[in-house]
Amino acid sequence: MQVKPHFSLARELFAAMPTLREDTGLDPQGSEAAVAYLSQARGSATPENALAYAAYLLPRREAVWWGCTCLGHVLGLLTPGDRGMLDLAARWVEDPDEPQRSAALGQAMAAPEKSAGVWIALAAGWSGGSLAGPEVARVPPPAFLTPRAVTIGTQMALAKVGRANRTAVLGSFVDSCLAMIAR
């Protein structure tokens, strides 16, 4: 899956998504290209912030797919429940219709523990549609919910990796985002 980011400059993305500054602690000052800023975030004092930046940089559907891809890098560290949640999210990515989105949201909300895979399924569930049931007026989810859920899921997965391998795994997560971006 290749994608073209919605924004050319990092500061445009930060202006459009104010929660990004909150979620990363980053604040681009100049005219850094949006994609190049991902590498800068990766090289910062807190490289985990690159995961949040990547989740916001990608459109929602692609961000969910990227989250699935990241967790796929550490599949052996995940529970069967996480893998089931990733399957729900991946099914929505492949067929982004309302029943798939609703199934991902419903099962993720019902999960007894909000683990990495659950957060990726929540990201799919919060990608559109309504936060309320079909019997009430439509309540669209705020735009920040999907990238924030992907961020939490990828950061939780990264936390499962031993310290000795964490930098390499973080790099593979960022590299998989960069590989998705059409240049």
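The values are calculated or read from the model by the stated rules, or taken from the named source; none is laboratory data. Everything numeric in this text was worked out from a predicted model, so none of it was measured. Reconstructed Cβ throughout: ideal geometry from the backbone, glycine too, with neighbour counts over all protein chains shown. When the accessible area is computed, the model is the full protein with side chains, heavy atoms only, and any ligands, DNA or RNA have been set aside. Shrake-Rupley method; radii C 1.70, N 1.55, O 1.52, S 1.80 Å.
Once the Cα-Cα distance is subtracted from the 0.36 nm per residue extended length, the S176 to V136 segment shows a gain of 10.5 nm.
In this entry, the range 22-122 is assigned a mean projected area of 7.4 nm², taken as a quarter of its C-alpha convex hull surface.
Using a/c under 1.5 as the rounded threshold, could you call the chain rounded, prolate or oblate? The axes a ≥ b ≥ c are square roots of the C-alpha gyration tensor eigenvalues, and prolate needs a/b larger than b/c, oblate otherwise. Here the chain falls in the oblate category.
How large is the convex hull of the Cα atoms of the range 60-118 per residue, expressed in Å³ as a whole number?
Values: hull volume 4.0 nm³, N = 59.
Hull volume normalised by residue count: 69 Å³.
Rolling a 1.4 Å probe over the protein heavy atoms gives the chain an accessible area of 46 Å² per residue.
I need the GluC sites (Glu not before Pro) found in the range 92-183, filtered to DSSP loop residues with at most 11 other beta carbons within 10 Å of theirs.
On the way: sites: E94, E113, E135; in loops: E113, E135.
Loop-located and lightly packed - E113, E135.
Across the range 79-92, rounded Karplus estimates of 3J(HN,Hα) from the backbone phi angles (6.51 cos²θ - 1.76 cosθ + 1.60, θ = phi - 60°) give 7, x, x, 4, 5, x, 5, 4, 4, 4, 5, 5, 4, 5 Hz, Gly and Pro being marked x. Shape summary of the range 134-183, radius of gyration then Dmax from alpha carbon positions: 15.9, 50 Å. Considering only W92, N165, G128, the residue lying farthest towards the positive end of the dipole of the chain is N165, judged by Cα position with unit charges set on Cβ.
Which semi-axes, in whole Å and largest first, does the equivalent ellipsoid of the range 1-79 have when worked out from the alpha carbon gyration tensor as the square roots of 5 times its eigenvalues?
On the way: eigenvalues 101, 44, 23 Å².
Whole-Å semi-axes of the equivalent ellipsoid: 22, 15, 11.
Overall shape of the range 76-183 was characterised from the C-alpha gyration tensor. The equivalent ellipsoid obtained from it has semi-axes of 26, 16, 12 Å, in decreasing order.
Cα gyration tensor of the range 10-56, axes a ≥ b ≥ c as square roots of the eigenvalues: rounded (a/c below 1.5), prolate (a/b > b/c) or oblate? Can you show the working numbers first?
Details: a/c = 1.59, a/b = 1.14, b/c = 1.39.
Oblate.
Protein heavy-atom surface of the chain, 1.4 angstrom probe: 56% of the accessible area is carbon and sulfur, with nucleic acids and ligands not counted. Mind giving me the FRET efficiency for A159 and S44? R0 is 25 Å, r the Cβ-Cβ distance, nearest 0.05 is fine. Calculated transfer efficiency: 0.85.
Taking chymotrypsin sites (Phe, Trp or Tyr not before Pro) across the range 30-122, none is in a DSSP loop with at most 16 further Cβ atoms lying within 10 angstrom of its Cβ. Note that the range 69-75 has calculated 3J(HN,Hα) couplings of 4, 4, 5, x, 5, 10, 3 Hz, one per residue in order, obtained from phi through the Karplus relation 6.51 cos²θ - 1.76 cosθ + 1.60 (θ = phi - 60°); glycine and proline are x. In the range 38-89, the convex hull through the Cα atoms has an average projected area of 4.0 nm², a quarter of its surface area.
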